[in-house]
Amino acid sequence: MNRREFFKFSWGAVGIAALCSAVGISLAAVVRFLMPSVFYEPPQTFKIGEPGDFPFGPPTFLVDEKIFVFRDRDKGFAAASAVCTHLGCTVAHFSSDQKFHCPCHGSVFAADGSVQHGPAPRALDWFEVTQARDGQLRVDKDKVVPPTYRLMV
Amino acid sequence: MNLIREIWQSIVRRDPLSTDKGKSELVFLNVWLHIHPAKVKKENLKFRHTFYLGFITFFLFLILLTTGIALMVYYRPYPPQAYQDMKDLQYVVFMGPFLRNMHRWAAHGMVICVFLHMCRVFYTSSYKKPRQFNWVIGVLLLLLTLGLSFTGYLLPWDQLAYWAITVGTNIGSYAPLVGGQVRELLLGGHSVGEAALLRFYVLHVAVLPSLMILLTIVHFWRVRKDGGLSRPIWKLNSKKIETLVTIGAPAEVAPLQVAAASKDKTYGLMEVVTGKPIFETVTPEEEEDTVFSYPYAFVREAVVLMATVTTIMAMSLFLNAPLEELANPAKTPNPAKAPWYFLGLQELVSHSALLGGVVAPALMVLALLAIPYLDRNTSRNLADRKLILWLFTIFVVANLALIVVGTFFRGPGWALVPPWVHVVAGAE
Ligand code: HEM
Ligand code: FES
């Protein structure tokens, strides 16, 4: 390789490197642009009301939050996710068999949320329930707890 | 009179159509028509070779563009106005239902026809050298068609839309490593909501149609540059197949020479291009088989166009596109079903989200893309292609069977229910 060829080659390499980095950076910028910086979505932690608002027996379904709130006379409060772990349909709680049934692909979850039937890959989530200072119950969807978790009030 | 004549001449600038020169000039002096050759092989125009499925698909796409733009005038892409606007289109806007129906039925028709077109191309071996790459473009067009259907599906913001997209985008999140992020990117959030509707709208009315138009242009250009349509199978045995030459590619029959025009040719544009400009160029024996594109090809295309538009219009007069109740994130309809052409996918997904929703479709697409390169058999004779014919037919039948099961045999809770048994849905 003589001088001339060396320069030709170097400039070519610089050019290609510049092009690749320009394309790479632009692509990264586009992906980052498409990723919202702020989500205008309901918060993951929210108050659901006074303990007395919830009856014993069949769970209360909270529509916007997509959770079931259970209240048991001896054991206390618990909150289960109503979002099917398969593909995100909203499961229904049947009082007839105490199980959760998903209408989309037929997954069935036992009373403790574990998968009994169908394509769902894992159990329904249970969320932490705490009592806020004002006495209201608070659910934190970022804190997944074992199905045995209960809050006694 | 002379002025009118002059104006007309300034527009068309060709000889009268009664002359051969005029017929040729009509084609290559016109930017829209010159994708056609001036002359085509008569046999290639036969309905039973292509069933004009590519054209029908294209014409359906034109219907979708025009009716889609009309619908945009009354549609606002944010909930819950989106749903309100659909109601308005159905009950208030003049001709609203008709336009919406046309858009809907043309969309269904396009999915059907693009699939049938692919089958036609496959069974007639039209993907073989030199058309391999146009098959690949075709597969991309098929995916774009499905993508347009999928994004359009969310726009009415009814229950059907909401849950089909919830399920559909969750399938994507099973993709290894990037799945979750891709879904977030697509939805602009963690669940189907305002941001998702806007993004799907942008994809549906801007991004995907633009890509579709670009790729369609490439597709047509390649049909032409690959030598026009492949010869019908029934013409294969009658004549020996010519050696093929690719423009710009190293030819097996080097060196390229200027092709001598036959004596009675009245046009000679091709002579400026060296070598055989087109594959399977007309040999002297075949010369008598060729006809001018005007009127033979154009009339057939116009008839297909009119038949397509008429059929869609007639359907739109009598069949109404469904609109369910307003999207309700809290209540999943039972059973919740995707649009029919995705029910095969949903059926697979009901067995395993990762295998059925990600792995199987990805393999199917890869297999489709690879067909022209993996199939080393150069023969176009059906008798020589037994294995691949079986494989492709199994692929088609399996897809159809899955769709039929998903559509007719799945009841509440996705339980197997034969269509003749009536189940009351939503019973708890
Ligand atoms: C939006 C979708 C599509 C449109 C509008 C379209 C349009 C067309 C048209 C108008 C033709 C001319 C002949 C005919 O009518 O059959 C054609 C030919 C062809 N198409 Fe498509 N097509 C589409 C999708 C596809 C797909 C999905 C494939 C395959 C996977 C494909 C592969 C081909 C090939 C290889 C040819 C050349 C056939 C031959 O030479 O006989 N196209 N297409
Ligand atoms: S979403 Fe629940 S089973 Fe598929």
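Details
- Simple spin-label estimate for B:Asn30 and B:Gln84 gives 4.7 nm between the two label positions (7 Å along the Cα-to-Cβ direction from each Cα).
- Taken about its Cα centre, segment B:28-101 carries a charge dipole of about 440 debye when Lys and Arg each add +1 at the Cβ and Asp and Glu each add -1 at the Cβ.
- Which of B:Thr308, B:His117, B:Leu185, positive extreme of dipole for chain B (C-beta unit charges): B:His117
- Shielding by partners - mean other protein chain Cβ count within 10 Å, residues of A:87-95: 6
- Mean Cα-pair separation over length for chain B, i.e. relative contact order, pairs under 8 Å, 6 or more apart, %: 23
- Simple spin-label estimate for B:Thr19 and A:Met1 gives 6.3 nm between the two label positions (7 Å along the Cα-to-Cβ direction from each Cα).
- As a length-normalised measure over Cα pairs under 8 Å and 6 or more apart, the relative contact order of chain A settles at 20 percent.
- With R₀ fixed at 35 Å, the C-beta to C-beta distance from A:His117 to A:Arg150 puts the FRET efficiency at about 0.85.
- Gain in span if fully extended, B:Lys46 to B:Asn381, counting 0.36 nm per residue against the direct Cα distance: 118.7 nm
- Residues A:Lys143, A:Lys8, arranged from fewest to most other Cβ atoms within 10 angstrom of their Cβ, appear as A:Lys8, A:Lys143.
- Judged by a Cβ-Cβ distance under 4.7 Å, the unpaired cysteines of chain A are A:Cys20.
- Exposure proxy order (Cβ contacts within 10 Å, fewest to most) of B:Val167, B:Val182: B:Val182, B:Val167
- For a label point 7 Å along the Cα-to-beta-carbon line of B:Thr66, residues of segment B:77-103 with backbone N under 14 Å: B:99-100, B:102-103
- Taking N as the residue count of segment A:45-145, its C-alpha radius of gyration divided by 2.2 N^0.38 Å amounts to 1.05.
- Partner shielding of A:33-41 amounts to 4, given as the average count of beta-carbon atoms from other chains within 10 Å of each residue beta-carbon.
- When both segment B:329-351 and segment B:1-64 are represented by their alpha-carbon centers, they are found 45 Å apart.
- Residue order, fewest to most surrounding Cβ atoms within 10 angstrom, among B:Tyr91, B:Tyr74, B:Tyr174: B:Tyr91, B:Tyr74, B:Tyr174
- Centroid-to-centroid separation of segment A:1-65 and segment B:79-98 [C-alpha atoms, Å]: 35
- Using alpha-carbon coordinates, inclination of helix A:3-34 to the longest axis of chain A, degrees: 20
- For the protein assembly as shown, adding -39500 (n - 2.57) for each run of n ≥ 4 DSSP H residues and dividing by the number of residues yields -15000 deg cm²/dmol at 222 nm.
- Extension reserve of the B:Ser352-B:Ala401 stretch, reckoned as 0.36 nm per residue once the Cα distance is removed: 15.9 nm
- Normalised size of the protein assembly as shown, defined as Cα radius of gyration per 2.2 N^0.38 Å with N residues, equals 1.22.
- Kyte-Doolittle mean at least -1.0, axial Cα span of 24 Å or more - DSSP H helices of chain B: B:53-72, B:96-123, B:132-154, B:208-225, B:293-318, B:386-408
- Computed from point charges on the beta carbon alone (+1 for Lys and Arg, -1 for Asp and Glu), the dipole magnitude for the protein assembly as shown about its Cα centre is near 1660 Debye.
- Put simply, when A:124-131, B:53-60 are sorted by average Cβ atoms within 10 angstrom per residue, most first, you get B:53-60, A:124-131.
- DSSP-defined beta bridges in the protein assembly as shown - what % are antiparallel, rounded to 5: 95
Read-outs: derived from the displayed coordinates by stated rules, not from any lab. Quantities reported herein were computed from a predicted structural model and do not represent experimental measurements. In this analysis, Cβ positions are derived from the backbone assuming ideal geometry, glycine residues included, and neighbour counts consider all displayed protein chains.
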